[in-house]
1. Grab the strands (runs of 3 or more DSSP E) fully contained in the stretch 36-102, keeping just those with 1 or more residues being more than 29 Å from VAL197 (Cα to Cα) and polar (S, T, N, Q).
2. Name the residues in the stretch 92-114 that are open to solvent by 40 Å² or more (accessible area, probe 1.4 Å), more than 23 Å from the chain's Cα centre (by Cα) and in contact (Cβ under 8 Å) with a residue 24 or more places away in the chain, would you?
3. Would you check which residues across the stretch 2-58 are exposed (fewer than 15 other Cβ atoms within 10 Å of the Cβ), more than 15 Å from ligand 2 (Cβ to nearest atom) and at positive phi and list them?
4. Out of all the residues in the stretch 135-186, which are under 16 Å from LEU122 (Cα atoms), of a type in the set (Lys, Arg) and either touching a residue at least 40 places away in the same chain (Cβ under 8 Å) or open to solvent by less than 10 Å² (accessible area, probe 1.4 Å) (or both)?
5. Hey, can you tell me all the residues within the stretch 141-162 that are within 16 Å of ligand 2 (Cβ to nearest atom) and not acidic (Asp, Glu)?
6. Select, from ILE117, ILE217, the only residue that is away from ligand 1 (no atom under 16 Å from the Cβ), assigned to a helix (DSSP H, G or I) and either closer than 24 Å to ILE40 by Cβ or open to solvent by less than 10 Å² (accessible area, probe 1.4 Å) (or both).
7. Can you pull out the residues in the stretch 62-78 that are of a type in the set (S, T, N, Q), open to solvent by 40 Å² or more (accessible area, probe 1.4 Å) and in contact (Cβ under 8 Å) with a residue 24 or more places away in the chain?
8. Just one of (1) farther than 20 Å from VAL141 by Cβ; (2) in contact with a helix residue (DSSP H, G or I) (Cβ under 9 Å, 6 or more places away or on another chain); (3) buried (at least 18 other Cβ atoms within 10 Å of the Cβ) trips up PHE81, so point out which.
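The values are calculated or read from the model by the stated rules, or taken from the named source; none is laboratory data. Computed from a predicted model, the values in this text were never measured in an experiment. For neighbour counting, all protein chains shown are included, and Cβ atoms are generated from backbone atoms with ideal geometry for every residue, glycine included. Ligands, DNA and RNA are excluded from the accessible area calculation, which covers all protein heavy atoms including side chains. Shrake-Rupley method; radii C 1.70, N 1.55, O 1.52, S 1.80 Å.
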Amino acid sequence: MSAILSITDVSKTFHNETSSTHVLSRLNLTVNEGDFVTVIGPSGCGKSTLLKLIAGLDTDYTGAVNIEGKKVERPSQDKGFIFQEHRLFPWLNVEGNIAADLPLRKPEVRKRVDELIRLVKLEGFEKAYPRQLSGGMSQRVAIARALLRNPKVLLLDEPFGALDAFTRAHLQDALLDIWQTNRTTMVLVTHDIDEAVFLSNRVIVMDARPGRIKAVIPVDLPYPRRRTGTAFQDIRTHLLRSLEHHESEEPSYTI
Ligand SMILES: Nc1ncnc2c1ncn2[C@@H]1O[C@H](COP(=O)(O)OP(=O)(O)O)[C@@H](O)[C@H]1O
Ligand SMILES: [Mg+2]
């Protein structure tokens, strides 16, 4: 397995006129091609900040963020980003939103859009507008739009956080399906422990003030996972404990 994303000694401080906030402290993380990594940690520990650095939306930090060995300098379509709210264009229908700036009249774009509509299970809704869609459907459109750009890595910031539990479970299944079909490398931020254990092969547990990695927990369970299984529950408990555990000294991690 080769590393697609590497984060080396990354620290980040926000400065304003009166104060500065040390948000991320010396993060080190390697994500291999095809990995499904989740990031979990208390509110304000810097999860969204970290994703923005990986996405190239913020380059004001120390340390290095590399994708395929190249420093991330700016946002680009090879780094897909899914936000908690879907950010679709209200004036475009589903297929228009997926294609966005790519011409749907081009046969290769058309073909791929149709494939993605099937992959995210939105057949029959091609012509629907965002206002006619549920939150879960809208998120699937956003995911299809990102996948059309063949991202090297898909970054998801609490993408299902605003959805009800039933829809969330459906979308978790859909995302797993997408990951297994496309093998897109995923980095997903969540505050849902079950979601982390259900989806990922590695869970990054962060601590706050300053945000840092305090544990990396592998999830070596075959897919699809049974949420009620004993092994699932054991890892869940382990994860809960590591979230609750506070360390005073700075931990070191080997991944
Ligand atoms: N633009 C900003 N200016 C100053 N502080 C910020 C800014 N964005 C985020 N922060 C602070 O950085 C910390 C981490 O924020 P964030 O990455 O959004 O956390 P999380 O996503 O884990 O909840 C918080 O204390 C937040 O207040
Ligand atoms: Mg956040």
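1. Strands (runs of 3 or more DSSP E) meeting the threshold: 62-67.
2. Correct list: LEU92, LEU102.
3. ASP9 - this is the single residue of the stretch 2-58 that is exposed (fewer than 15 other Cβ atoms within 10 Å of the Cβ), more than 15 Å from ligand 2 (Cβ to nearest atom) and at positive phi.
4. Matches in the stretch 135-186: ARG145 only.
5. Within the stretch 141-162, LEU155, LEU156, PRO159, PHE160, GLY161, ALA162 qualify.
6. Details: ILE217 fails: assigned to a helix (DSSP H, G or I).
Only one candidate passes the filter, namely ILE117.
7. The first filter runs over the stretch 62-78 and keeps only residues of a type in the set (S, T, N, Q), leaving 62, 66, 76-77.
Now restrict to residues that are open to solvent by 40 Å² or more (accessible area, probe 1.4 Å): 62, 76-77.
Once the filter is applied, which keeps residues that are of a type in the set (S, T, N, Q), open to solvent by 40 Å² or more (accessible area, probe 1.4 Å) and in contact (Cβ under 8 Å) with a residue 24 or more places away in the chain, the stretch 62-78 yields THR62, GLN77.
8. Here PHE81 clears every test but (1).
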